[in-house]
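All remarks here apply to the structure that follows.
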Amino acid sequence: MTFFSILFALIAEQYRPVTSTHWIARVSARWLDWVAGEFGGKTEEGASPVGARMACLVAFILPTFLVFVIYVVCMVTYPILGFIWNIIIAYLFFGFRQFSHSFTAVHEAIESHDLPAARAALGEWHGPELDTSNLTETEVISLALERAIIGSHRHVFGVLFWFLMPMGPAGVVLYRLADIAAQRWSERGDFNLSEAARHFFYVLDWIPARITAMGFAIVGNFEGAAYGWRYLTRKWPDSLSSVILASGSGALGVRLGEPLSEPDSDEALRMAEAGEPLVYEVGMEPTERTMRSAVGLVWRLVIAWMALLLMLTIAVWLG
């Protein structure tokens with residue numbers, strides 16, 4: 001049932017994509033804003049540590065519990081209703097179109113050698129916090145690739161992992177709400193609230209992030225991905241994203257993130273005496289061709305996941 005739920009959801013999304021302006025996105029944002037306002041907007045200091053944790057429980061657990069109850073009731077009464085419920089939740093929260101439209105806009109502009117249009121598309125994707133006016137083509141491609149790699153994990157592979165958990169569609173809702181809150185509540189300037197949301201999402205995403213990184217290594221350049229995962233994660237400040245980005249850049253054979261600083265002579269001598277390997281950059285500078293390769297990498301991993309899930313489904317049927 002899980003395999004066909006995901007398959008039908010992916011097919012439906014290709015014909016009617018769920019974008020950031022879809023009603024489910026608006027409802028999720030309003031719900032999270034209301035919870036944040038109730039628990040974090042009562043005082044000038046924002047939410048207390050206890051209030052921030054309560055906000056997470058209310059914002060994430062209540063919708064998750066509701067979705068799970070509906071799923072159980074459907075499965076107990078008419079399993080076909082449970083199957084339909086699976087498809088609906090997977091369609092609303094799972095898929096490429098929630099991030100691929102922006103990546104495609106940047107890619108098409110780069111392909112047409114229209115750097116100002118590529119900057120504008122990237123700026124619209126990132127938001128006002130990123131100044132794209134002086135970015136070079138390589139920097140635009142690099143930032144678009146980073147955001148696409150993270151987007152593929154948080155909208156596809158991370159969601160898929162939680163969909164396969166015993167909670168089924170409820171796990172999908174839990175994961176996506178935590179991800180949205182971790183980003184949305186950070187913009188409110190409430191430290192305790194944003195920290196609680198980020199910690200909650202960190203717990204949920206620790207295993208899926210590493211599974212995605214391993215998947216990139218399997219379907220891409222294994223040696224490059226393994227090297228990046230082991231040595232290059234320090235290029236990004238976020239510990240979850242760094243694992244995915246380091247593995248993804250190595251799998252593509254390109255350089256992403258800030259360039260590594262070269263060790264001075266004293267540091268190099270100390271590392272040599274201690275037997276520590278000298279960390280170096282791997283891969284080439286990203287180009288338009290790399291953007292096409294990134295799409296292929298993500299699709300290969302999706303196909304690998306679906307093939308594995310299909311084999312497990314057949315094994316269960318035969319068993």
Checklist entry - In the range 283-318, what residues are closer than 21 Å to Pro259 by Cα and touching a Leu at 6+ places or on another chain (Cβ under 8 Å)? => result Gly283, Pro286, Thr290, Met291, Ala294
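In the range 102-118, what residues are under 15 Å from Thr287 (Cα atoms) and either of a type in the set (A, V, I, L, M) or over 22 Å from the mean Cα position of the chain (by Cα) (or both)?
At the first step, the residues of the range 102-118 found to be under 15 Å from Thr287 (Cα atoms) are 103-104, 106-115, 118.
Residues satisfying the conditions are Val106, Glu108, Ala109, Ile110, Glu111, Ser112, His113, Asp114, Leu115, Ala118.
Tell me the residue from Leu122, Leu130 that is hydrophobic (A, V, I, L, M, F, W, C), more than 30 Å from Ile70 (Cβ to Cβ) and surrounded by fewer than 16 Cβ atoms within 10 Å (Cβ to Cβ), please.
Numbers: Leu122 fails: surrounded by fewer than 16 Cβ atoms within 10 Å (Cβ to Cβ).
Every option except Leu130 fails the conditions.
Just checking: which of the helices (runs of 4 or more DSSP H) contained wholly in the range 124-202 hold 1 or more residues that are of a type in the set (Ser, Thr, Tyr), under 12 Å from the mean Cα position of the chain (by Cα) and on the phi < 0 side of the Ramachandran plot?
Values: elements: 137-152, 158-163, 169-184.
Where helices (runs of 4 or more DSSP H) fall fully within the range 124-202 and carry at least 1 residues being of a type in the set (Ser, Thr, Tyr), under 12 Å from the mean Cα position of the chain (by Cα) and on the phi < 0 side of the Ramachandran plot, they are 137-152, 169-184.
Only the coordinates and a few stated rules stand behind these numbers; no lab work does. Quick caveat: nothing in here was measured; it's all calculated off a predicted structure. All Cβ positions, glycine included, derive from the backbone under ideal geometry; neighbour counts span all protein chains shown.
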